[in-house]
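Only one structure is covered here, and it is reproduced in the block below.
The values are calculated or read from the model by the stated rules, or taken from the named source; none is laboratory data. Fair warning: this is a prediction, and the values are worked out from it, not measured in the lab. Neighbour counts run over all protein chains shown; Cβ positions are idealised from the backbone, glycine included. Remember, those area values only see protein heavy atoms, side chains included, never the ligands or the DNA or RNA. Shrake-Rupley method; radii C 1.70, N 1.55, O 1.52, S 1.80 Å.
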There are 4 protein chains.
Amino acid sequence: MARILMKGNEAIGEAAIIAGCRHYFGYPITPQNEIPAYMSLRLPKVGGTFLQAESEVAAINMVFGASAAGARVMTSSSSPGISLKMEGISYMAGAELPAVVVNMMRGGPGLGNIAGAQGDYFQAVKGGGHGDYRCIVLAPSTVQELADLTVKAFDLADQYRMVVILLGDGFIGQMSEPIILPQPSGRVFDKSAWALTGARDRDTHLIASMRLNPEEALEKLNLHLQGKYAQVEKSERLWEDSQTGDAEYLLVAFGLSARICRSAASALRKSGITAGLFRPITLWPFPAQELAVAAAGKKKVLVVEMNAGQMVEDVRLSIGSAAAIDFYGTVGGSTPQVDAIVERITAYAR
Amino acid sequence: MARILMKGNEAIGEAAIIAGCRHYFGYPITPQNEIPAYMSLRLPKVGGTFLQAESEVAAINMVFGASAAGARVMTSSSSPGISLKMEGISYMAGAELPAVVVNMMRGGPGLGNIAGAQGDYFQAVKGGGHGDYRCIVLAPSTVQELADLTVKAFDLADQYRMVVILLGDGFIGQMSEPIILPQPSGRVFDKSAWALTGARDRDTHLIASMRLNPEEALEKLNLHLQGKYAQVEKSERLWEDSQTGDAEYLLVAFGLSARICRSAASALRKSGITAGLFRPITLWPFPAQELAVAAAGKKKVLVVEMNAGQMVEDVRLSIGSAAAIDFYGTVGGSTPQVDAIVERITAYAR
Amino acid sequence: MARILMKGNEAIGEAAIIAGCRHYFGYPITPQNEIPAYMSLRLPKVGGTFLQAESEVAAINMVFGASAAGARVMTSSSSPGISLKMEGISYMAGAELPAVVVNMMRGGPGLGNIAGAQGDYFQAVKGGGHGDYRCIVLAPSTVQELADLTVKAFDLADQYRMVVILLGDGFIGQMSEPIILPQPSGRVFDKSAWALTGARDRDTHLIASMRLNPEEALEKLNLHLQGKYAQVEKSERLWEDSQTGDAEYLLVAFGLSARICRSAASALRKSGITAGLFRPITLWPFPAQELAVAAAGKKKVLVVEMNAGQMVEDVRLSIGSAAAIDFYGTVGGSTPQVDAIVERITAYAR
Amino acid sequence: MARILMKGNEAIGEAAIIAGCRHYFGYPITPQNEIPAYMSLRLPKVGGTFLQAESEVAAINMVFGASAAGARVMTSSSSPGISLKMEGISYMAGAELPAVVVNMMRGGPGLGNIAGAQGDYFQAVKGGGHGDYRCIVLAPSTVQELADLTVKAFDLADQYRMVVILLGDGFIGQMSEPIILPQPSGRVFDKSAWALTGARDRDTHLIASMRLNPEEALEKLNLHLQGKYAQVEKSERLWEDSQTGDAEYLLVAFGLSARICRSAASALRKSGITAGLFRPITLWPFPAQELAVAAAGKKKVLVVEMNAGQMVEDVRLSIGSAAAIDFYGTVGGSTPQVDAIVERITAYAR
């Protein structure tokens, strides 16, 4: 299995094709334009459809339609474009439609800039749209993981009939790293019970997100959704635990921030301070129990994010009073510095 | 000062006029159509502008424009329509533009139903849009408070140049209660330093949410925003503390849920169980310290919401391990029952 | 009555205000942006509403709404933006709603360029939208006439409940000339029988353009419309006849082309060739009979347009075989040259 | 070659597939919904793309895109939906992009009704969009011809790089008649000189409709277009001449009206009055010379249309004073009656 050099955004595109995605609808925005560009080249060659829609709102509703027809479908955008998709994502949650949505976060709020950022954690994890819905949120930190988690995202979407958000950032999408292309999982999902594939010789299916009767229909749907979400929380947590066993200090970070923290942890160990890294890979479901175990008894837990403090809330909820928690964040598309992290941990150790 | 009987949604409209709001842009959706209907009748009579836009996206961008010109401006919608405004709200946060956005929440996710719900707490409080921004979120629980907080919302918006969300629900907007119309606050906000009012005889102003230079411009803006948000958190917390001093059990709820909890607390006291109610009026900034004080030493804290559990996270973050926390929620537009709350607290007491 | 120097597009704006127009909805496009800019400054000062809509489609539908409410309302654009309004204009014709639509034509087709042109004659006169409808089309050739015909346009619109198109071109909109501002006509139009002004104490009105029953409702509407159009054709023809009586050669042109033809006619007379100019001011209704009289017995009729030959069809239909007709046109935003016209007529005379 | 029974709208769909059309973009409207329905079923089976767009405006711009990429592409709609496409069609004319646009006309103006009509002749033939552009307009009068002309439309579009409008009406689209499916023409059009197919190993292509320099770029384009249109006028006229040689009276009609006229002509001949039918099949280019020949010396020419009088202008321009011309039209979706035509011609003959 040969390694090839791929840019992050292109790795997502190729992995989506490998996963059987044959439909892509989107609207361009930096820094993720390599994804639609790649899909526009590749999809026609595999009998698929690439379409640049009139707007982000149009694109997510096309995703709704293709998913309702049983297809594997993806859209991608960056922060402002994802905000425009909030209504559509909530509709898909209400209709239990699977899809993969890639957000290569840029600096915000508003139009912001085209640098990478992690300011959309809340939006992705707490539900930027309305209503009690959840998306599975995957946070890759390498190009290899971008590819691997893209394949996994399609399986999770189909298994649970949920929207899966691949939450990267502008920097990681632009990085080129050698990767081994993932294999298709081989998993088969039978959508015949609900997909709108033409009702010849069978009863009709209905896919809708309106259920006007509050006590019965909509409450019933929500209880079903909550049951499903509980199952996902139980079964689908992913995390990476790196040298946390003997560590006095625990760094917690996801995505690009975790790469920086890994460097900081190495530097700290060289200087005699034992630091470890806990990296949530699924941001929802959040690996709360695993983090609680990893954090127990540490002298200090430092959460590092490229935002003003978002995941830190989930860290606090996970750890409670079992360890002291501090936060270091950078905003507006700037990145955490290894030196700054080392310095801060070193200060704790004094 | 005479009391008049007003429907919740109409009270918002009249209070907005009293507060000096002269521009309303929106798109219809049940259960808040009385707001645009009221504004369409009243605004032309006071020299204002009512406009039903092509879409919710168009409406929020018209709000952006009117606000940039220094006007007091409002939009309103219900859950799905608010999701469509997420990009625009993030842009306004980035451009530091004041406005009042009313969300009369309905059952979700998706199109859901037209009953009242509280499923958009996360969206309003954690930022449904992208980037590290905050909105001030006010949660009225009576028609009088709908009116009073509408006037306050305009002042807060102008004082901090922020979007203020008035977060009600479909039930409260439809209720009719006798109210005393609020007075204008009399506060005057000088917008001459930034509003786009024509640049004759002065330097030009620029209102933008794009700041391409990450390290300097956008980071600087974000640090400024975070400073402003810290000030709001310090100064603008509102809450109601009802019979919590001697209570063994504490109910925590906002909006309509708090009304139901108040009835439950009364019923409990009649049966000899001392229960109190802590009601956050500002959901952001969340009255965390006040809640922590009120909750300290209670036998149990029960959070009641018309959703699957959203504010309960902020309650946990506020109280930590100082008291045991439980949650009771109803989903899909159904409402918590007094009996169910009484029963649950009674069970704790056994 | 003092003369003031005004730019063509601004003269339209001021004349609209004088005519009582208090609502303007539009979307920017060169070379007519001075109109929305002017209206955005002036309308708020006279208690009116200026709104830049999300798109040209949105704008024309806002015009529909304001007109249905009985208001004097205007929109303006240039060629591509006018094409986007075709559906809306047909709807207004079907609903018999008055409005003034300004088209400052630019070079086409497509995005073309921002120079002036007359390539939208067919669109304006033959109906660019669908169905058997007509708009009154006014073709000013001086800044004074831009102002005067704007006032007249509002009266014609209200009198006949029709859309009136003011058809200028990019050059004339940019010209500055001394003008005397027109007076309001003083005519009053009672819209109480149809305008949607609130149905308190009266029967409701219905404004619609859908009439599903073909034989009865829609045929009846169309016969009514055709009757109305016949009345307009009979009563509202406007034209200018300049030195045509003794002329051997007749130039026929509208708008800017007519100004150029006037210079050519003068030059020809200086060289001993008697030429006259017939200038239609209303393009629909076309002054066919008057042109036929003016053209009778001429040695040659030369139609000059800034397009590939559009009005020339109406000239042929008007004159029939009563005189030989030739055409000289320039395309793509270029303008007819006096010398070229002189040369051509001189060649006929040889 | 077996005859099969097909509905008019479905015959268009199947013929488009036969012609190699693999892309369809549209938005539903009665009475042509059988076309998108048919394409949505068939296109995926032949490796094509069917997409219901967000709006008619979105659809025509997707047609622009697919055509620019060298694909055979079609859209369809009915009158109001076609009006919304006017800007896009003008853009395609300016960019010289081929496509087939089907208009199954309904009663107008505005939303009108869903019966068949011919009220969009002017829009199709004179250019409903802005600028000096032309579309080839084909007017079938049987289901067989709907199919045959659809295949021809794609060839004409590619040969001349023009938009070809297939102008039917709501009635003919709904008729079921036995037809022989057409064969592909076998003609091959080399688009390699201009289509945007990826610029690897060749110079880049540019497709644009903006040409800012009036004297040079845009004038040059227009002169090129006019030259092309002259060639089309010379080479592509189609018409049917039925029993006109010995006729004293000539009926002129297209599409469904021509079917009714044929019945009227037969009835007239049975009663001893010799009547013939001239049916333009291309409405642009209009078969003017052929009509002039056919009309010469007739006692009367009667133009019959399902509108208030549109093609009659082109008939007048073609025939001039060579014969007396009369008009009989029905409006609002009602149809000409055989008896009424017979009666009118009989009255001439008295």
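Being surrounded by fewer than 24 Cβ atoms within 10 Å (Cβ to Cβ) and modelled with pLDDT of 95 or more is the requirement here; does B:Gly65 meet it?
Working: surrounded by fewer than 24 Cβ atoms within 10 Å (Cβ to Cβ): yes; modelled with pLDDT of 95 or more: yes.
Criteria met by B:Gly65.
Which residues, counting only those in the stretch B:23-47, are in a loop (DSSP other than H, G, I, E, B) and either more than 10 Å from every other protein chain (Cβ to nearest Cβ) or crowded, with 21+ Cβ neighbours inside 10 Å (or both)?
So in the stretch B:23-47, the residues in a loop (DSSP other than H, G, I, E, B) come out as B:27-33, B:47.
If the condition is that a residue be in a loop (DSSP other than H, G, I, E, B) and either more than 10 Å from every other protein chain (Cβ to nearest Cβ) or crowded, with 21+ Cβ neighbours inside 10 Å (or both), then B:Tyr27, B:Pro28, B:Ile29, B:Thr30, B:Pro31, B:Gln32, B:Asn33 are the ones that fit.
Return the residues of the stretch B:174-188 that are open to solvent by 60 Å² or more (accessible area, probe 1.4 Å) and either within 18 Å of the chain's Cα centre (by Cα) or over 25 Å from B:Leu97 (Cβ atoms) (or both); say none if nothing qualifies.
B:Gln174, B:Ser176, B:Pro178, B:Gln183
Name every residue in the stretch B:106-121 that is open to solvent by 10 Å² or more (accessible area, probe 1.4 Å) and either touching a Lys or Arg at 6+ places or on another chain (Cβ under 7 Å) or among the aromatic types (Phe, Trp, Tyr) (or both), in order of residue number.
B:Ile114, B:Ala115
Count, please, the residues in the stretch B:85-106 that happen to be out of contact with any strand residue (DSSP E or B) (no Cβ under 8 Å at 6 or more places or on another chain) and within 30 Å of A:Leu218 (Cβ to Cβ). It would help to see each step written out before you state the result.
Here is the first cut: in the stretch B:85-106, the residues out of contact with any strand residue (DSSP E or B) (no Cβ under 8 Å at 6 or more places or on another chain) are B:86-88, B:90-91, B:95-96.
This time we only want the ones that are within 30 Å of A:Leu218 (Cβ to Cβ), so: B:86-88, B:90.
Selection size over the stretch B:85-106: 4.
How many of the residues in the stretch D:135-150 are open to solvent by 10 Å² or more (accessible area, probe 1.4 Å) and more than 12 Å from the chain's Cα centre (by Cα)?
Qualifying residue count for the region: 3.
Go through the stretch A:99-115 and give me each residue that's free of Cβ contacts under 8 Å to residues at least 40 places away in the same chain and either more than 8 Å from chain B (Cβ to nearest Cβ) or not in a loop (DSSP other than H, G, I, E, B) (or both).
If the condition is that a residue be free of Cβ contacts under 8 Å to residues at least 40 places away in the same chain and either more than 8 Å from chain B (Cβ to nearest Cβ) or not in a loop (DSSP other than H, G, I, E, B) (or both), then no residue fits.
Do you know which of the residues in the stretch A:209-229 that are of a type in the set (A, V, I, L, M, F, W, C) and open to solvent by 30 Å² or more (accessible area, probe 1.4 Å) is farthest from A:Tyr160 (Cα to Cα)? Walk me through how you get there before you give the answer.
Narrowing the stretch A:209-229 to residues of a type in the set (A, V, I, L, M, F, W, C): A:210, A:212, A:217-218, A:221, A:223, A:225.
Filter once more, keeping what is open to solvent by 30 Å² or more (accessible area, probe 1.4 Å): A:210, A:212, A:217, A:223.
Details: A:Met210: 20, A:Leu212: 24, A:Ala217: 20, A:Leu223: 15 Å.
That would be A:Leu212.
Could you grab me the full set of residues in the stretch B:82-105 that are in contact with a His (Cβ under 9 Å, 6 or more places away or on another chain), open to solvent by less than 10 Å² (accessible area, probe 1.4 Å) and over 15 Å from A:Gly81 (Cα atoms)?
Step one: list which residues in the stretch B:82-105 are in contact with a His (Cβ under 9 Å, 6 or more places away or on another chain), which gives B:82-83, B:86-87, B:90, B:96, B:103, B:105.
Still in the running and open to solvent by less than 10 Å² (accessible area, probe 1.4 Å): B:82-83, B:86, B:90, B:103, B:105.
Once the filter is applied, which keeps residues that are in contact with a His (Cβ under 9 Å, 6 or more places away or on another chain), open to solvent by less than 10 Å² (accessible area, probe 1.4 Å) and over 15 Å from A:Gly81 (Cα atoms), the stretch B:82-105 yields B:Ile82, B:Asn103, B:Met105.
Applying the selection to the stretch C:1-48, what residues are of a type in the set (Asp, Glu) and over 17 Å from the mean Cα position of the chain (by Cα)? Spell out how you get there, then give the answer.
The first filter runs over the stretch C:1-48 and keeps only residues of a type in the set (Asp, Glu), leaving C:10, C:14, C:34.
If the condition is that a residue be of a type in the set (Asp, Glu) and over 17 Å from the mean Cα position of the chain (by Cα), then C:Glu14, C:Glu34 are the ones that fit.
Can you tell which of D:Glu54, D:Glu10 is in a helix (DSSP H, G or I), closer than 24 Å to A:Thr197 by Cα and not aliphatic (A, V, I, L, M)?
Values: D:Glu54 fails: in a helix (DSSP H, G or I).
Step by step, each of D:Glu54, D:Glu10 is checked, and only D:Glu10 is in a helix (DSSP H, G or I), closer than 24 Å to A:Thr197 by Cα and not aliphatic (A, V, I, L, M).
Can you name the condition, by its number, that C:Gln118 falls short on among (1) within 14 Å of chain D (Cβ to nearest Cβ); (2) over 19 Å from C:Ile29 (Cβ atoms)?
Among (1) within 14 Å of chain D (Cβ to nearest Cβ); (2) over 19 Å from C:Ile29 (Cβ atoms), C:Gln118 violates only (2).
Taking the options B:Phe154, B:Phe171, name whichever one is open to solvent by less than 10 Å² (accessible area, probe 1.4 Å) and out of contact with any Asp or Glu (no Cβ under 8 Å at 6 or more places or on another chain).
Details: B:Phe171 fails: open to solvent by less than 10 Å² (accessible area, probe 1.4 Å).
None of the other options fit; the residue is B:Phe154.
With the structure loaded, tell me whether B:Ser55 is under 24 Å from A:Ala58 (Cβ atoms), out of contact with any His (no Cβ under 6 Å at 6 or more places or on another chain) and open to solvent by 10 Å² or more (accessible area, probe 1.4 Å) or whether it fails that test.
Values: under 24 Å from A:Ala58 (Cβ atoms): yes; out of contact with any His (no Cβ under 6 Å at 6 or more places or on another chain): yes; open to solvent by 10 Å² or more (accessible area, probe 1.4 Å): yes.
Taking the combined requirement at face value, the residue satisfies it.
Determine whether the stretch B:264-282 contains at least one residue that is in contact (Cβ under 8 Å) with a residue 12 or more places away in the chain, assigned to a loop (DSSP other than H, G, I, E, B), surrounded by fewer than 19 Cβ atoms within 10 Å (Cβ to Cβ) and out of contact with any helix residue (DSSP H, G or I) (no Cβ under 8 Å at 6 or more places or on another chain).
Checked the stretch B:264-282: no residue is in contact (Cβ under 8 Å) with a residue 12 or more places away in the chain, assigned to a loop (DSSP other than H, G, I, E, B), surrounded by fewer than 19 Cβ atoms within 10 Å (Cβ to Cβ) and out of contact with any helix residue (DSSP H, G or I) (no Cβ under 8 Å at 6 or more places or on another chain).
Here's a check for you: in the stretch A:312-343, which residue that is in contact with a Leu (Cβ under 7 Å, 6 or more places away or on another chain) and not β-branched (Val, Ile, Thr) is most open to solvent (accessible area, probe 1.4 Å)?
Among residues in the stretch A:312-343 that are in contact with a Leu (Cβ under 7 Å, 6 or more places away or on another chain) and not β-branched (Val, Ile, Thr), the one most open to solvent (accessible area, probe 1.4 Å) is A:Arg316.
I'd like the full set of residues that are under 18 Å from D:Gly320 (Cβ atoms) and surrounded by fewer than 21 Cβ atoms within 10 Å (Cβ to Cβ), limited to the stretch C:298-311.
Result: C:Lys300, C:Gly309.
Quick one: B:Arg161 ticks every box in (1) touching an Asp or Glu at 6+ places or on another chain (Cβ under 7 Å); (2) surrounded by 24 or more Cβ atoms within 10 Å (Cβ to Cβ); (3) farther than 22 Å from B:Ala308 by Cα bar one, so which box is it?
With (1) touching an Asp or Glu at 6+ places or on another chain (Cβ under 7 Å); (2) surrounded by 24 or more Cβ atoms within 10 Å (Cβ to Cβ); (3) farther than 22 Å from B:Ala308 by Cα applied to B:Arg161, the lone miss is (2).
Residues are listed down the side, and each one gets a yes or a no for (1) out of contact with any strand residue (DSSP E or B) (no Cβ under 6 Å at 6 or more places or on another chain); (2) more than 11 Å from chain B (Cβ to nearest Cβ):
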{"site": "A:Val301", "(1), (2)": "no, yes"}
{"site": "A:Asn307", "(1), (2)": "no, no"}
{"site": "A:Met311", "(1), (2)": "no, yes"}
{"site": "A:Ala322", "(1), (2)": "yes, no"}
{"site": "A:Phe327", "(1), (2)": "no, yes"}
{"site": "A:Val342", "(1), (2)": "yes, yes"}
{"site": "A:Ile345", "(1), (2)": "no, yes"}
{"site": "A:Ala349", "(1), (2)": "yes, yes"}
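Can you tell me how many residues in the stretch C:260-309 are in contact with a Ser or Thr (Cβ under 9 Å, 6 or more places away or on another chain) and closer than 16 Å to C:Leu138 by Cα?
Total meeting the criteria: 8.
For the stretch A:13-22, how many residues meet the condition of being assigned to a helix (DSSP H, G or I), among the hydrophobic types (A, V, I, L, M, F, W, C) and in contact (Cβ under 8 Å) with a residue 40 or more places away in the chain? Lay out the reasoning, then the answer.
Here is the first cut: in the stretch A:13-22, the ones assigned to a helix (DSSP H, G or I) are A:13-18.
Then drop every residue that is not among the hydrophobic types (A, V, I, L, M, F, W, C), which leaves A:15-18.
Going one step further and asking which of them are in contact (Cβ under 8 Å) with a residue 40 or more places away in the chain, we end up with A:15-16, A:18.
Here the count works out to 3.
Filter the stretch B:7-22 down to the residues that are open to solvent by 50 Å² or more (accessible area, probe 1.4 Å) and touching an Asp or Glu at 6+ places or on another chain (Cβ under 7 Å) and list them by number.
Filtering the stretch B:7-22 down to residues open to solvent by 50 Å² or more (accessible area, probe 1.4 Å) leaves B:7, B:10, B:22.
Scanning the stretch B:7-22 gives B:Lys7, B:Glu10.
Run down C:Glu54, C:Glu87, C:Glu10 and say which single residue is closer than 22 Å to C:Val151 by Cβ and among the acidic types (Asp, Glu).
On the way: C:Glu54 fails: closer than 22 Å to C:Val151 by Cβ; C:Glu87 fails: closer than 22 Å to C:Val151 by Cβ.
Only one candidate qualifies: C:Glu10.
Yes/no matrix, rows are residues, columns are (1) in contact with a helix residue (DSSP H, G or I) (Cβ under 8 Å, 6 or more places away or on another chain); (2) open to solvent by 70 Å² or more (accessible area, probe 1.4 Å); (3) at positive phi:
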| residue | (1), (2), (3) |
| --- | --- |
| D:Ala199 | no, no, no |
| D:Thr204 | no, yes, no |
| D:Val232 | yes, no, no |
| D:Arg259 | no, no, no |
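Mind listing just one residue for me: the one in the stretch B:68-81 that is open to solvent by less than 10 Å² (accessible area, probe 1.4 Å) and not polar (S, T, N, Q) and, of those, farthest from the other protein chains (Cβ to nearest Cβ)? Steps first, please.
Quick first cut of the stretch B:68-81, residues open to solvent by less than 10 Å² (accessible area, probe 1.4 Å) only: B:68, B:73-81.
If we keep only those that are not polar (S, T, N, Q) too, we end up with B:68, B:73-74, B:80-81.
Working: B:Ala68: 12, B:Val73: 13, B:Met74: 16, B:Pro80: 5, B:Gly81: 8 Å.
Checking each candidate, the answer is B:Met74.
So how many residues does the stretch A:212-230 have that are in a helix (DSSP H, G or I) and free of Cβ contacts under 8 Å to residues at least 12 places away in the same chain?
Filtering the stretch A:212-230 down to residues in a helix (DSSP H, G or I) leaves A:214-230.
This time we only want the ones that are free of Cβ contacts under 8 Å to residues at least 12 places away in the same chain, so: A:214-220, A:223-224, A:227, A:230.
Of the residues in the stretch A:212-230, 11 are in a helix (DSSP H, G or I) and free of Cβ contacts under 8 Å to residues at least 12 places away in the same chain.
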